[in-house]
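Single-structure report; data block below.
Bear in mind these aren't lab numbers, they're just calculated from the coordinates by the rules spelled out. Not measured: the values here are computed from a predicted model. Counting neighbours? That spans all protein chains shown, and the Cβs are built from the backbone with ideal geometry, glycine included.
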Amino acid sequence: MNGLAVRELSDMHLVNHIGTNGDQENAAVISKTKTLKQLALKLLLEAQSLNEVPAPDVRNGIDFYEEVKRFEVDLIQRALSFTHGNQVRAARLLKMKVTTLNSKIKHYDININVLIGGFMSTENSEAAHNQV
């Protein structure tokens with residue numbers, strides 16, 4: 001049986017999508033929605049980069065550990081965003097062990113789903129997390 005299981009308001013039904021024009025329209029809408037989400041995410045990342053704090057003036061004193069944390073979190077977020085949440089690839093980009101990256105993600109409480117625009121389902125997120 002070919003088709004797609006669709007869940008609407010706790011009702012599940014099978015939608016046969018072979019040879020129907022509605023499916024082409026649905027696919028176009030889904031494609032446009034995905035593209036729009038990706039553009040919104042890119043815009044958000046660009047907006048966040050505008051808010052980056054310039055190099056601190058050490059003459060006034062700074063919290064060294066807070067600055068290190070900010071720097072590490074920014075690098076990790078950029079690598080995860082670039083790799084769409086793939087921690088193995090992000091660790092390679094940062095030239096660190098995956099276990100170290102995972103430890104820092106937990107320590108700094110970095111939300112991976114936000115970085116990739118929430119495109120990842122809970123199951124996929126847990127599976128990606130377990131791959132580490």
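Among 96-102, 33-39, the peptide with the highest mean count of other Cβ atoms within 10 Å heads the list, and the full ranking is 96-102, 33-39.
Distance between the pseudo-spin-label points of K34 and I62 (7 Å out from Cα toward the beta carbon): 4.2 nm.
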